[in-house]
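Novice: If you scroll down you'll find the structure; I have some questions about it.
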Amino acid sequence: MKTNESKDTNELIKKLEKRQKAHLLLIIFLFTTNAVLFFGLSTNTKEDVITAKGIVIVDDYGNPRIKMGFPFDNRSRIRKDTLSGMVFMDEKGMDRIHLGPHGKLFLGNKYFDRANEGWSLFFNDSNGEERSGYGFSDDDNSVGLGMDYGGEDGGEAIYLYAAPNIAFMTINADLPENQGIRDRIVLWHETDKDLSIAKISDSKKDGRITLKAEKGNNPLVQTTDSLSINKKIN
């Protein structure tokens with residue numbers, strides 16, 4: 001009698017062990033499936049989108065250093081002009097890099113309207129004044145790259161421009177306007193005219209040395225001396 005009871009007990013234990021293993025396997029399977037679904041959806045679905053009117057990144061001291069928005073707010077910014085896109089600021093709150101639609105030109109603590117509309121990337125000095133910029137103009141479908149001298153006059157040192165059928169580069173003197181020729185070296189090309197020009201000037205005379213090549217015409221080399229006497233060399 002005891003032997004039969006012992007056998008029945010052992011069989012019951014074995015059944016319970018098998019059932020326990022089955023439950024454990026089921027739990028592991030469900031856990032693994034949920035983990036795969038969770039991490040798979042988190043990384044691969046198109047639902048992982050953050051929608052916000054603005055984003056502010058702060059440093060270890062809580063100072064705003066990056067702002068994004070259309071437009072972004074001016075809290076903690078020294079400059080108070082309206083800008084959209086993304087701005088990087090220094091620890092004082094001065095704009096150092098701006099990426100987005102053209103804003104106003106900031107020079108001498110004053111704001112100036114730009115001549116065209118478009119999108120650009122600007123680099124500013126510690127005063128928030130533009131020192132270099134690369135942009136696209138919607139008005140004439142052109143791109144331009146400028147590098148400035150900085151300082152009180154804030155003139156462009158080097159400028160590159162490209163639009164359909166035309167491209168040029170200028171190297172300029174650091175002079176205030178109306179105090180001498182600023183465009184010291186000019187490289188110019190017009191594709192539709194098959195025209196190329198190179199010109200070198202000084203502060204007194206525009207085009208002291210000119211090189212010109214145009215389809216259908218002889219090449220031109222022209223110099224001008226200090227007495228404004230033109231000399232052509234063909």
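The values are calculated or read from the model by the stated rules, or taken from the named source; none is laboratory data. These numbers were taken from a predicted model, which means no experiment stands behind them. Methodologically, a virtual Cβ is constructed for each residue, glycine included, from the backbone with ideal geometry; neighbour enumeration extends over all protein chains shown.
Novice: Working carefully through the options Asp194, Asp202, find the one that is within 16 Å of Ile166 (Cβ to Cβ) and in contact with a Gly (Cβ under 9 Å, 6 or more places away or on another chain).
Specialist: One residue alone meets the criteria, Asp194.
Novice: Does any residue of the stretch 101-110 turn out to be in the same structural domain as Thr191 (by TED's automatic domain parsing), polar (S, T, N, Q) and at pLDDT 95 or above?
Specialist: Checking the stretch 101-110: not a single residue is in the same structural domain as Thr191 (by TED's automatic domain parsing), polar (S, T, N, Q) and at pLDDT 95 or above.
Novice: Can you go through Arg131, Arg184 and tell me which one is assigned to a strand (DSSP E or B), of a type outside the set (A, V, I, L, M) and either under 26 Å from Ile209 (Cβ atoms) or touching a helix residue (DSSP H, G or I) at 6+ places or on another chain (Cβ under 9 Å) (or both)?
Specialist: Arg184 is the lone residue from the list that is assigned to a strand (DSSP E or B), of a type outside the set (A, V, I, L, M) and either under 26 Å from Ile209 (Cβ atoms) or touching a helix residue (DSSP H, G or I) at 6+ places or on another chain (Cβ under 9 Å) (or both).
Novice: Does at least one position in the stretch 156-178 carry a residue that is assigned to a loop (DSSP other than H, G, I, E, B) and of a type in the set (A, V, I, L, M)?
Specialist: Yes, that holds for at least one residue.
Novice: While we're looking at this one, here's another question. What pairs come out if I take residues in the stretch 79-97 that are assigned by TED's automatic domain parsing to the domain that holds Asp113 and pair them with residues that are among the polar types (S, T, N, Q) and assigned to a loop (DSSP other than H, G, I, E, B) whose C-beta lies under 6 Å away, six or more apart or interchain?
Specialist: From the stretch 79-97, the pairs are Lys80/Asn74; Glu91/Asn63; Gly93/Ser76.
Novice: Scan Asp174, Asp148 and give me the residue that is surrounded by fewer than 16 Cβ atoms within 10 Å (Cβ to Cβ), modelled with pLDDT under 95 and closer than 25 Å to Ile200 by Cβ.
Specialist: Result of the check over Asp174, Asp148: Asp174.
Per-residue answers, yes or no, for (1) surrounded by fewer than 17 Cβ atoms within 10 Å (Cβ to Cβ); (2) closer than 25 Å to Phe123 by Cα:
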residue: Ile185; (1), (2): yes, yes
residue: Lys199; (1), (2): no, no
residue: Lys205; (1), (2): yes, no
residue: Ile209; (1), (2): yes, no
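Novice: Checking the conditions here, which among Gly180, Gly150, Gly144, Gly133 is within 22 Å of the chain's Cα centre (by Cα) and on the phi > 0 side of the Ramachandran plot?
Specialist: Gly150 is the lone residue from the list that is within 22 Å of the chain's Cα centre (by Cα) and on the phi > 0 side of the Ramachandran plot.
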